[in-house]
Structures are given as C-alpha cells and as structure tokens.
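Here the structure comes first, spelled out in structure tokens, and everything after it is commentary.
The values are calculated or read from the model by the stated rules, or taken from the named source; none is laboratory data. The structure presented is a predicted model; accordingly, all values stated were derived computationally and were not measured. Please note: Cβ atoms are built from the backbone with ideal geometry, for glycine as well, and neighbour counts cover all protein chains shown. Heads up: the accessible areas ignore ligands, DNA and RNA and are worked out on the full protein's heavy atoms, side chains in. Shrake-Rupley method; radii C 1.70, N 1.55, O 1.52, S 1.80 Å.
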There are 2 protein chains.
Amino acid sequence: MVTSKNCIIRLSRYKNALYRLLSLGFLKVFSETLADEVGVTASQVRKDFSLFGISGNKKGGYQIEALLNKLSSILGKDKLQKVIVVGSGHIGTALMKYKGFEKEGIKITAGFDIDPAKCNKSGTVPVLPIGELKDFVKNDAIKIGIIATPDIAAQQVADLMFEAGIKGILNFAPIRIKSPQDSIVNYVNLELELENVIYFVNALNKPLSLSKDSA
Amino acid sequence: MVTSKNCIIRLSRYKNALYRLLSLGFLKVFSETLADEVGVTASQVRKDFSLFGISGNKKGGYQIEALLNKLSSILGKDKLQKVIVVGSGHIGTALMKYKGFEKEGIKITAGFDIDPAKCNKSGTVPVLPIGELKDFVKNDAIKIGIIATPDIAAQQVADLMFEAGIKGILNFAPIRIKSPQDSIVNYVNLELELENVIYFVNALNKPLSLSKDSA
DNA sequence: CTTGTTTTGTTACTTATTTCACAAAATTAA
DNA sequence: TTAATTTTGTGAAATAAGTAACAAAACAAG
C-alpha cells in the first residue's frame, strides 16, 4: 500500500488536470504534458503511476478516460461518499453550502451542532442536534466526518465520531486529535496556511537569496 | 534561509502549542513536552530550532515567552498583517467573518467581488468592486491576498493581485496559479483534502497492512 | 569540590522522496 | 523490412527529511 500523503494528493491533482484536459477535447496525454499542468516533473508522474500499476502506451502516452477511471477507483471516487459536518459556524456552514464537493462525488448529508438554535431539519443540508449524530452515522454507515467546531470541543466531537463508526476526519479546529489506530485525521488550518504565506513573503523579499520550493 | 514548507508549518504548530502551555501556567518547556504536544519527536523540535538559531538552556529547557517572541518574529507575526479576500461566495464570506485570524495578528481589511450585487461598503469587512482592488492594495501596501473565486477567474485575479503589488497568495480555487519568481502561492483545496481522507479510510480498512503516517 | 543526572545542540546515520538515465516498446517513414 | 524517433517504465543515483546518539553544559546533592 502507498502511504505517502503527498503522493495521493498528487493523484488527486492529476485527476483534476485530466478532467480539464478532457473538457478541452484531448483524448490522450503524455506524462510531460500532465506534469506541466500539475507543476511536477514528468518522471514524478510516471513514477507515481508506476507505484499504482498504472501503465500507458509507449510512444502513445495515456488514454485520459481510462486513466481517470483508474485514478477514481484508487481514490475511492467510484461511488458517492457521504460526509457529515459538525459545527455550524461560519466555516461549517460554508462547507455545507459549498458546491465544489458535489461534482467530486462527495455529498454532505447532514450538519450537527450543540446549539439548538442553530439546528434546522428542513434545509438543503439539515442541521441536527449533536445528540442525534450517533444514530445518524450508524444508520447511514457514514465513514467520513468534518470537524468545524471551536478547538475546545474538537477532541470530544472526534471521540463521538469514532464511537459512531467514523474512520476518517477532516479537522478544521487548530488542535491535534487523538485517534484510534485504524482511523485517519487530516488537518486544515487556515491561520497556519496564511502564516506560512506570510513567512515566505518576508523571506523572499528581505534577503538576497533565492528559493523555488513551495509544495 | 529555510525553504522547507513543512518545517515552517511545524514552527507555527510549536507556536500554537506554546500559547496553550503558557495559558496553562507553564513558564518553560522541554523539547520532549513540546514534541508530544505537537505530535513530532523531540529530536525534530531541537533540529528545527537549531536551524533557526533558537537555543534553550541545557538542563533547563526553553523559556516559553522568549521562545514565542523568537517564533513570532521568524514567522513575521510581530506586526499586524493586512490581508484581502477576492470572491465573496460561501468560502470567501466565511473567511471574512472568521474570528480565528484576529488573535493571530491577521486582519482581513477588505473583500472584493466582480458582482456589484455582492458588494457592500459598510460591513465589518467592506466588500468592494474588483475594480478598486489595485488602488486599495497600493494605498494600504498590502502584500497578502486570498483567492476564493471560481477556478476560471483565479488566474486573472492572481495577475491583478501581483500587478497591484501582492507577493503572497492563499488560493482556494482548484487550479495551479502561474506566479512571478519573487512571489509565493499556497493552496488550500478542500475537495482534495477530503479525497485524501477517503483514500486512507479505504486503504486502512480494506487490506491487512498497517500504516502510521498522516502528516 | 566532586559525582550524578538531566537536557540541549549537533553530527552521523537512516529512511523517504525525487530525479536521472536508459533499455524496451511502439510508431512512423523510407 | 529496416532505421529513426518517441515515450514509457523502472532500477540506480542523488537529494531531502527525519531519527538516533552522544558530548558538552547546567544544575543539584552530598
């Protein structure tokens, strides 16, 4: 099994780029072209594909459609993924309304909040009391959850999610989550991302040295 | 100059953990403790500090307050950072309203949108027509911008930002931005982060192998 | 003052990731 | 059919990142 997060992230990027190329009318693509599109080297593309047993045609490149099927299958995108969000503050609400997930086969089926005033069962994405989370997750066999609560609540919410059977969490709260062995937690920390930009802006514009890395 | 994004991200994490420890009443900390708090090894902490010439006291650990000052200065957090947001859809609006930035010394001073109906000069964060971006950025000497537009608009918005003098961008649009040498673009792609969680949930729960990595 | 203990700071080692380089396959042209 | 050309696929080489180990400093206790 490939366990490098960066590698998997690149697969997703390849997939996105391939959709774009497909919509522009291309049917096949060379590693070189795809690499340019995503901002990596051609070697990297071929190596990544090699790791997953994806092969193309010597001299002919890769058939985009077949490639997309393969990537989607590897990434678990061949079936609709149901996801819940806990916390209906600014970020949580934006996520529930966000259109970008749908076209990626991700559906936010419900939100949850501890504050009854923020609950609303009749919206496009219903917001339910946190007490209903466990049953909801079990009934719908949901495996993925998003935490968009204040940091004080995050661990508690995570524990509740794991108890209910959730195996993967995307956590927006700026705190490290303790999680069971058979689960995965990814972090999105907006302050941190901005801080990082700030650091590199200062670093690039102050001294006389150069850099090219970014990730 | 340190150019490893991961390393800088860790510095931010150390900083956050240190604030937490300080608020709990601690005045000094050992590399071991800080490492546990952030989820890395003690060696890593000391190595990171070593790279930036940060030193502590043999047997005595590190003075939290002095350490925080040093980290804040490295990360450019010793002065208020003004940031603008372009795109006032769900994500852009959530960012403008997001409370988390303030306590990190980051202030969103304005939003911009191409749609006049979405503009509103009198909000807490005024939303201005995109045409006013250039003057606004120049007058306020703003160096950092956030792109929260649809992907089709992203490159155009980025070009406008660079023209106006912005040097660092945090980009939420799922597209690679072409940028000048002396600038930096960081990416936040929510679909991609979720896809990643989905991959690892599948990978961890299907086969008989184990993994521990997460990043 | 000496001995023992703790923790840093850094060098050496290990592991992981990326790039290089080239044989093998596929295609085209003659 | 043969030669020339292009592009993949993959081991080997190079780089980067992370861990381990330990000497040196700091302190405490006797």
Compactness of the protein assembly as shown as Cα Rg over 2.2 N^0.38 Å, two decimals | 1.00
Size of the dipole of segment A:81-192 about the Cα centre, Lys and Arg at +1 and Asp and Glu at -1 on the beta carbon, nothing else charged, in debye to 20?
-> 280 debye
Just tell me which aspartates and glutamates come within less than 20 Å, Cα to Cα, of A:K178; anything on the same chain fewer than 8 places away is out.
-> A:D151, A:D159, A:E163, B:E32, B:D36, B:E37, B:E193, B:D213
Top positive-direction residue, dipole computed over segment B:1-48 with Cβ charges, set B:V40, B:I9, B:F30 | B:I9
Using alpha-carbon pairs under 8 Å, 6+ residues apart, how would you state the relative contact order of segment B:81-192 in percent?
-> 23 percent
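So for chain B, averaging the separation of alpha carbon pairs under 8 Å that are six or more residues apart and normalising by length, what relative contact order in percent results? Walk me through the numbers before you get to the answer.
Working: 277 pairs, mean separation 26.3, N = 215.
Here the relative contact order equals 12 percent.
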A versus B: buried accessible surface, summed, Å² (probe 1.4 Å, to nearest 100) = 6900 Å²
Chain A: projected area of the alpha-carbon convex hull, averaged over directions, in nm² = 15.1 nm²
Could you tell me which trypsin sites (Lys or Arg not before Pro) in segment A:103-152 are loop residues by DSSP with no more than 14 other beta carbons within 10 angstrom of their beta carbon?
-> A:K121
Taking the axis about which chain B rotates onto chain A, which residue of B lies nearest it as judged by Cβ position, and how many whole Å separate them?
-> B:A94, 2
Can you tell me the equivalent ellipsoid semi-axes for segment B:81-192? Use √(5λ) from the Cα gyration tensor, largest first, whole Å.
-> 18, 16, 15
Set of lysines with alpha-carbon distance to B:K103 below 16 Å, sequence-local pairs under 8 removed | B:K15, B:K77, B:K79, B:K82
Along Cα→Cβ at 7 Å, what distances in nm separate the B:Q63 label point from those on the other copies, shortest first?
-> 6.9
For segment B:113-179 and segment A:146-187, what is the separation of their C-alpha centers, rounded to whole Å?
-> 33 Å
Dipole magnitude (debye, nearest 20) for the protein assembly as shown, charges at Cβ of Lys, Arg, Asp, Glu | 740 debye
Could you give the Stokes-Einstein D for segment A:30-78 in µm² per second, using the C-alpha Kirkwood radius, 10 °C, 1.306 mPa s?
-> 143 µm²/s
Given a cut-off of under 8 Å on Cα pairs at least six residues apart, what relative contact order in percent is computed for segment B:5-73?
-> 39 percent
quick note, the protein assembly as shown, DSSP beta bridge pairs, % antiparallel (nearest 5) is 15 percent
Provide an ascending nm list, one decimal, of label-point separations from B:M1 to the equivalent residue in each further copy; define each label point as 7 Å from Cα along Cα→Cβ.
-> 4.0
